[in-house]
Structures are given as C-alpha cells and as structure tokens.
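Report on the following structure.
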Amino acid sequence: MKTKLVRIGMLAVLMIAVLLVSAPNLHAAPALACTSTGSGNWNNTARWSGCGGLVPGSADDVTIVSGHTITYDLASSTIQSLTVNGILNFNAAASDSLTVSGAVVINSPNGAIAAVSATGTRTHTLNVGGNFTNNDTFTAVGGDDIITVVLNGTAAQTIDGSVATTFENLTLANTSATISATSSFNVNGTMAVNANAVFSPGATVVIGGATNTINGSGIIQVTRITATADYSNQYAFGTDTLSSMTVDYAGAGNQRCNYGHCRYWSDHQRNA
C-alpha cells in the first residue's frame, strides 16, 4: 500500500510540473493576421477579420485595406506590424498611443496615416520598433493635433520610402542599434536624439525644415560627401542644440567640418 501511495504522489508531482511548464503557452496569444473589413473604429471587433473575433493584439500583423478608413480610438495598444493601404486616422477625441513592435509601412497609391483636424490640442504617439517606410502620405499635424513618432526598437531601424516624410516631432530612442535613413525627410518640430542612440543617414540624405530644432544627447553622423559636404547641409535645422550631442564626421570621402567640436571616424581628408 505504501509503495502504491508513493507512486501516486510521484505521478501527481509530475502532472503539476507539466502543467506549470505548459501554462505560459496555454495563455500565450497566437500571432494573427488582422485585416480591416471596412471603415470604422479600431476598437470594434466587426471591423477586423482574422483576429479571432477580437481587435488586434500585441502579436498581430495588421493591414488596413485600400478604401477603408480606420480611426484609432484606444488610449494605448500594441501590435506586431502595421501595413497601411487605406487610411489610419488618430482619434480626434483624446491623446493616445499606438506601439508597433515591428515595421510600419504606408503603401501607394492610397495609404495614409494622419492626425485628424479638430478643436483642442492632442498629442498622439506612434512607437515604432522596426523600419518606418512611407510610400504615400503621412500627415503629422491636423489642426492642433500632432503625431509624434518614436523609433525605439532593439535592432537596426531605417527611415525610408519613396516619399520624403514630413514629421512634426521625431524621437530617436533606439539604444541597442543604429537608426539609419535611406531617403530624405523633414522635421517641422523637434528631432530628439536620446542618450546612447546613434543616427546615421545615407550620404545623399538631407533632413530639412524651416523652423525645426535638433537636440538630445546621442550621436549623429555626418555622412554627406557630395555638394557641400558638411553638417549644416545635411542637417538643415533652424535651431541646433548640440552641446550634449556627439557629431561624427563619418563620410567615406572629403568633408568639411563647420561644427565647433568635430569627431572623425575614418582616414579621409577633412577640410576645416
């Protein structure tokens, strides 16, 4: 009898161990491909197919179909990736945030992400952990509403696309890998480069804006080697707050340093 009880006890312990190991997997949401079914609010299960009867979750790849307008109406939410072939409007009723762990892609010919014009002032935040690719329309300001884009991934990220994106506020917050840019873009408000973040634009990339500001305490690289190969012709900001920033002249050719403290990373000739 004693031996039988010992065996039953061991079996019970084994079953409990199996349940404990498998419990996280029982509760983990599977990755789903969520596709819009028509125009309407994000937080409406009827507006999505492929989501298992729910709205998009943290593991889900989201696609907004061409011809559909989805209004993001959650205070905060996380998804895996976002492909916009239609229109994504940020809610005009309240400030909110959308976190995309992977890539954001705006596709031509009908793709758009926009702040919606309305009375009052709201700041929406789009956190992006992957690449930000704009091939059509990104409207960061609508009336007094603003979309701030934060690149905060843990792997290399790129700003690219066939259209020169105009950001209002852009924060570079990836402290694990370099953020690059393969296409020129504008920042009408503030471009902030956080501590330990590194930004390295392509040699032909220009960051423009008439009354914009660059600040922060990270590293920005000057890679321009064509035309006037210096900082101010690659970073065309109205206000340069660089006292806490490291500026690396890292171009693969001759460059001119017109910044008070220059840091060089290659053996190419520099002209002061």
Just to be sure I understand, how many residues within the stretch 119-134 are touching a strand residue (DSSP E or B) at 6+ places or on another chain (Cβ under 6 Å) and either of a type outside the set (A, V, I, L, M) or part of a loop (DSSP other than H, G, I, E, B) (or both)? 9
The residue that is farthest from the chain's Cα centre (by Cα), considering only those in the stretch 56-91 that are surrounded by 19 or more Cβ atoms within 10 Å (Cβ to Cβ) and among the aliphatic types (A, V, I, L, M), is Ile70
Looking at the stretch 162-197, which of its residues are in a loop (DSSP other than H, G, I, E, B) and more than 20 Å from Ser217 (Cβ to Cβ)? Ser162, Val163, Ala164, Thr165, Glu168, Thr182, Ser183, Ser184, Asn188
Looking at the stretch 34-48 only, could you name the residues that are surrounded by fewer than 16 Cβ atoms within 10 Å (Cβ to Cβ), of a type outside the set (Val, Ile, Thr) and more than 21 Å from Val116 (Cα to Cα)? Ala46
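When you go through Ser162, Ser176 one by one, which is the residue that is farther than 15 Å from Leu88 by Cβ, free of Cβ contacts under 8 Å to residues at least 24 places away in the same chain and small (Gly, Ala, Ser)? Before the answer, list the steps.
Values: Ser162 fails: free of Cβ contacts under 8 Å to residues at least 24 places away in the same chain.
Exactly one residue qualifies, and that residue is Ser176.
Among the listed residues Ile159, Ile147, identify the single one that is at pLDDT 95 or above, within 24 Å of Gly67 (Cα to Cα) and part of a strand (DSSP E or B). Before you say what the answer is, go through the steps one by one.
On the way: Ile159 fails: within 24 Å of Gly67 (Cα to Cα).
Sole residue among the options that is at pLDDT 95 or above, within 24 Å of Gly67 (Cα to Cα) and part of a strand (DSSP E or B): Ile147.
Please go through the stretch 96-137 and give me each residue that is small (Gly, Ala, Ser) and surrounded by fewer than 17 Cβ atoms within 10 Å (Cβ to Cβ), ordered by number. Lay out the reasoning, then the answer.
Applying the first criterion (small (Gly, Ala, Ser)) to the stretch 96-137 yields 97, 101-103, 108, 111-112, 114-115, 117-118, 120, 129-130.
Selection gives Gly102, Ser108, Ser117, Ala118, Gly120.
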So, of the residues in the stretch 98-128 that are β-branched (Val, Ile, Thr) and either farther than 20 Å from Ala173 by Cβ or in contact with a Pro (Cβ under 8 Å, 6 or more places away or on another chain) (or both), which turns out to be modelled with the lowest pLDDT? Thr119
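The values are calculated or read from the model by the stated rules, or taken from the named source; none is laboratory data. Source: prediction; values computed, not measured. Don't worry about glycine lacking a Cβ; one is built from the backbone with ideal geometry, like all the others, and counts go over all protein chains shown.
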